[in-house]
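Presented below is the structure to which this report refers.
The values are calculated or read from the model by the stated rules, or taken from the named source; none is laboratory data. Note that this is a predicted model, so its numbers are computed, not measured. Backbone-built Cβ (ideal geometry, glycine too); neighbour counts: all protein chains shown.
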Amino acid sequence: MGLKQIDHGSADYWKMVQLRLKILRQPLGLDFSEEELLKEKNDILIAAFDEDKLMGCCVLCKNGDDSLRLRQMAVDVQMQRNGIGASIIFFAENLARDKGYKKIIMHARQTAVSFYEKFGFQKKGDEFYELNLPHILMEKSL
């Protein structure tokens, strides 16, 4: 497995959009708007590959001067529970640290909170709804 930062608009980016659509959006009856995807142009796009097959991904977007927001974390259903998500988290943290960021925050789906807690993310505040699903604000100092 290889992890890398990918370019917005590249062939790998469109693989990432399709995986996120399949895992995160379609189960909720949602799609991506062109505007949403254009906003990712300046984000850090991270992908995990096995040769040319995309196995997982996440997006890091700037959240103030010293923090990034991790969003759109997805791992192919057939590849889950094989350490791919953990590898993506570690890669994202190292990349953020190398770029001088001090903290990563996220709006974690309630069903994923225990996964992120295993990597030192802490709950901050009360449950809230986003995309009609319960979420928790989580953060980790780097």
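Here is a yes/no grid of residues against (1) within 26 Å of Leu133 (Cα to Cα); (2) of a type in the set (A, V, I, L, M, F, W, C):
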position: Val17; (1), (2): yes, yes
position: Gln26; (1), (2): yes, no
position: Gly29; (1), (2): yes, no
position: Asn42; (1), (2): no, no
position: Met55; (1), (2): yes, yes
position: Leu68; (1), (2): yes, yes
position: Asn82; (1), (2): yes, no
position: Glu93; (1), (2): yes, no
position: Tyr101; (1), (2): no, no
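With respect to Val59, is the statement that it is at pLDDT 95 or above and in contact with a strand residue (DSSP E or B) (Cβ under 7 Å, 6 or more places away or on another chain) true? Yes, satisfied. Taking residues in the range 37-48 that are closer than 10 Å to Val59 by Cα, and partners anywhere that are part of a helix (DSSP H, G or I) and among the acidic types (Asp, Glu), the pairs with Cβ atoms closer than 7 Å and at least 6 places apart or on different chains are Ala47/Asp12.
Right, Leu30: among the hydrophobic types (A, V, I, L, M, F, W, C), closer than 20 Å to Arg109 by Cα and in contact with a strand residue (DSSP E or B) (Cβ under 9 Å, 6 or more places away or on another chain) or not? No: the conditions fail for Leu30.
Among the residues of the range 107-124, those that are surrounded by 10 or more Cβ atoms within 10 Å (Cβ to Cβ) and either among the hydroxyl-bearing types (Ser, Thr, Tyr) or not in a helix (DSSP H, G or I) (or both) comprise His107, Ala108, Arg109, Thr111, Tyr116, Lys118, Phe119, Gly120, Phe121, Gln122, Lys123, Lys124.
This table checks each residue for (1) of a type in the set (Gly, Ala, Ser); (2) within 16 Å of Glu139 (Cα to Cα); (3) part of a helix (DSSP H, G or I).
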site	(1), (2), (3)
Leu3	no, no, no
Val17	no, no, yes
Glu36	no, no, yes
Ala48	yes, no, no
Leu54	no, no, no
Gln72	no, yes, no
Ser87	yes, no, yes
Arg97	no, yes, yes
Gly100	yes, no, no
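Scanning the range 68-98 for residues that are without any contact (Cβ under 8 Å) to a residue 40 or more places away in the chain, surrounded by fewer than 17 Cβ atoms within 10 Å (Cβ to Cβ) and not acidic (Asp, Glu) yields a count of 8.
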